[in-house]
Amino acid sequence: MIDAERLAMRPSEVVDAMLAGWHALDADAVISWFADDAVMHNMMYDPLVGKTAIRGLLDMFFAKATRVEMEVVKRAESDCTVFLERRDSFTWDGRDGVLPAVGVFEVQGGLIRRWHEYFDRATYEQQAYGKP
């Protein structure tokens, strides 16, 4: 059951609260903002459907992350959709990276239903995994 405080939040407030969980490296905080049947789709990879699949990604990422900062460069909100242009900085497995990204979030009832993420896969994999 979602509490009244969450139901009263604007979609951008829900997304900001979820991003705070990334900054804190707290998978429990991040996943608490997703609907049970949510879809998280990093567009160059297969979509993750449901909290269990999304949690698997979070656990894998946070196991090696020591820093995540998602700086919002531009923001737009329309009805239940939030668009964020971001500059994500991270330290993962001892490697520092900076990744320009755009996230499109659909929020209903105080929960994220869909998150479509756009970034350059080659840039991410080079910085995170050291791939040429």
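Quick one: Debye curve from the alpha-carbon atoms of segment 93-132 only, equal weights, vacuum; give me log10 I(q)/I(0) at q = 0.21, 0.29 Å⁻¹ to two decimals.
For segment 93-132, the Cα-only Debye profile gives -0.70, -0.91.
In segment 55-132, if the dipole is taken from +1 on Lys/Arg beta carbons and -1 on Asp/Glu beta carbons about the Cα centre, which of G94, W115, V104 is farthest to the positive end?
G94
Over segment 71-129, with every protein chain in place, what whole percent of the accessible area is carbon and sulfur at 1.4 Å, could you tell me?
Roughly 46 percent, rounded to a whole number.
³J(HN,Hα) across segment 80-97 via Karplus (A = 6.51, B = -1.76, C = 1.60, θ = phi - 60°), whole Hz, x for Gly/Pro?
Result, ordered by residue: 9, 10, 10, 10, 10, 8, 10, 10, 8, 10, 8, 10, 9, 6, x, 10, 8, x Hz.
For segment 10-23, take each phi angle, set θ = phi - 60°, evaluate the Karplus expression 6.51 cos²θ - 1.76 cosθ + 1.60, and give the result in whole Hz per residue in order, putting x for glycine and proline.
Per-residue couplings from phi come out as 5, x, 5, 5, 4, 4, 4, 5, 5, 4, 4, x, 4, 4 Hz.
Percent relative contact order of the chain, based on C-alpha pairs within less than 8 angstrom and at least six residues apart? Numbers along the way, then the final one.
Details: 256 pairs, mean separation 33.3, N = 132.
Relative contact order, the chain: 25 percent.
If you roll a 1.4 Å probe over the heavy atoms of the protein chains, what accessible area per residue do you get for the chain, in Å²?
I get 53 Å² per residue for the chain.
At q = 0.09, 0.15, 0.19 Å⁻¹, what is the base-10 log of I(q)/I(0) for the chain according to the Debye formula with one equal point scatterer per Cα and no solvent? Please give it to two decimals.
For the chain at q = 0.09, 0.15, 0.19 Å⁻¹, log10 I(q)/I(0) is -0.24, -0.69, -1.14.
Can you work out the Karplus-derived ³J(HN,Hα) for every residue in segment 26-43? Use 6.51 cos²θ - 1.76 cosθ + 1.60 with θ = phi - 60°, whole Hz, and x for glycine or proline.
Calculated HN-Hα couplings, in order: 10, 4, 4, 5, 4, 5, 5, 9, 9, 5, 4, 9, 4, 10, 10, 10, 6, 4 Hz.
If the cut-off is a Cα-Cα distance under 22 Å, which lysines reach K64, setting aside same-chain residues fewer than 8 apart in sequence?
Cα-Cα hits under 22 Å: K51, K131.
The values are calculated or read from the model by the stated rules, or taken from the named source; none is laboratory data. For clarity, every value in this text was computed on a predicted model and none was experimentally measured. No Cβ is skipped: glycine too gets one built from the backbone with ideal geometry, and neighbour counts run over all protein chains shown. Please note that ligands, DNA and RNA were not included when accessible areas were found on the heavy atoms of the full protein model with its side chains. Shrake-Rupley method; radii C 1.70, N 1.55, O 1.52, S 1.80 Å.
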